[in-house]
Amino acid sequence: MSKKLKVSVFLMVVIFWSQTFIITSFTEANAAVDELPELRKNIKTVDDIDAAVYARLEAIMLQKFPDIKKDSWYMSVMTKLFGLSSLDGTGRGMEPNGTITRAMFIKMFIRAMYGTDFLDDVTPDFDHWAAGDIKKAEQVEILATGQYTPDNISGPITRGEMAKLIVRAY
């Protein structure tokens, strides 16, 4: 066998192996992310997140969001909120050090407090991904009716606003 043929065969084996590895890794990552809805169906409160469920949620987060790290101080809390459907990340990742908007906070807060089933009877007043959570917050009098609108929900929320909403909830 000539040297060129040996190199060609070697390269073909390497290419085949690397493609198989990449396809397998991609398929496994997608399977884990696809598992999320089924996991979330069984999570109504943080007490439903045992060690096995936590490990699966954490693995999904680490695969889905390259901007988070397993050993970060926020990982435990964010994993539980992710399981409760309170956090889903943004188009840019999970952005653990990013600014929280009013819409993000209301979604996190309502779903962490009441779960997603609590939204079943909600008909939002406007079209926005957090409109159902905002409507539910109005219904339980955490928000005044019309306090959050399409004009202001994408703005950052202050600590004072968050504190006020938390106190109203209790």
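Using only the heavy atoms of the protein chains and a 1.4 Å probe, how would SER86, SER72, SER154 rank by accessible area, largest first? Write out the running numbers ahead of the final one.
On the way: SER86 5, SER72 30, SER154 80 Å².
Result of the area sort, largest leading: SER154, SER72, SER86.
Given all pairs of different Cα atoms, what value in angstroms does the Kirkwood hydrodynamic radius of the stretch 21-170 take? Mind dumping the intermediate values first?
Values: mean 1/r = 0.0609 Å⁻¹.
Mean inverse Cα-Cα distance, inverted, gives 16.4 Å.
Return one whole number: the accessible area per residue of the stretch 116-170 in Å², for a 1.4 Å probe.
On the way: 3410 Å² over 55 residues.
In whole numbers, the stretch 116-170 has 62 Å² accessible per residue.
Run through the stretch 47-110 and list the chymotrypsin sites (Phe, Trp or Tyr not before Pro) located in a DSSP loop whose Cβ has at most 12 other Cβ atoms within 10 Å.
Numbers: sites: TYR54, TRP73, TYR74, PHE82, PHE105, PHE109; in loops: TRP73, TYR74.
Listed in order of number, the matching sites are TRP73.
Let me spell out the model: positive unit charges on the Cβ of Lys and Arg, negative unit charges on the Cβ of Asp and Glu, origin at the Cα centre of the stretch 37-97. What dipole size does that give, in debye rounded to 20? Don't skip to the end; give the middle numbers.
Details: 9 positive and 9 negative charges, 23 e Å.
Charge dipole of the stretch 37-97: 120 debye, to the nearest 20.
Order the peptides 39-47, 114-122 from the highest to the lowest mean number of other Cβ atoms within 10 Å of their residues.
Details: 39-47: 13.1, 114-122: 14.7.
Going by the mean number of other Cβ atoms within 10 Å, highest first, we get 114-122, 39-47.
Return the distance in nm (one decimal) between the two label points of a simple spin-label model at ASP117 and VAL140, each offset 7 Å from Cα along Cα→Cβ.
In this crude label model, ASP117 to VAL140 measures out at 1.4 nm.
The values are calculated or read from the model by the stated rules, or taken from the named source; none is laboratory data. Please read these numbers as outputs of a predicted model, since none were measured by experiment. Here the Cβ is made from the backbone with ideal geometry for all residues, glycine too, and neighbour counts use every protein chain on show. What goes into the accessible areas is simple: the full protein's heavy atoms, side chains included, and nothing from ligands, DNA or RNA. Shrake-Rupley method; radii C 1.70, N 1.55, O 1.52, S 1.80 Å.
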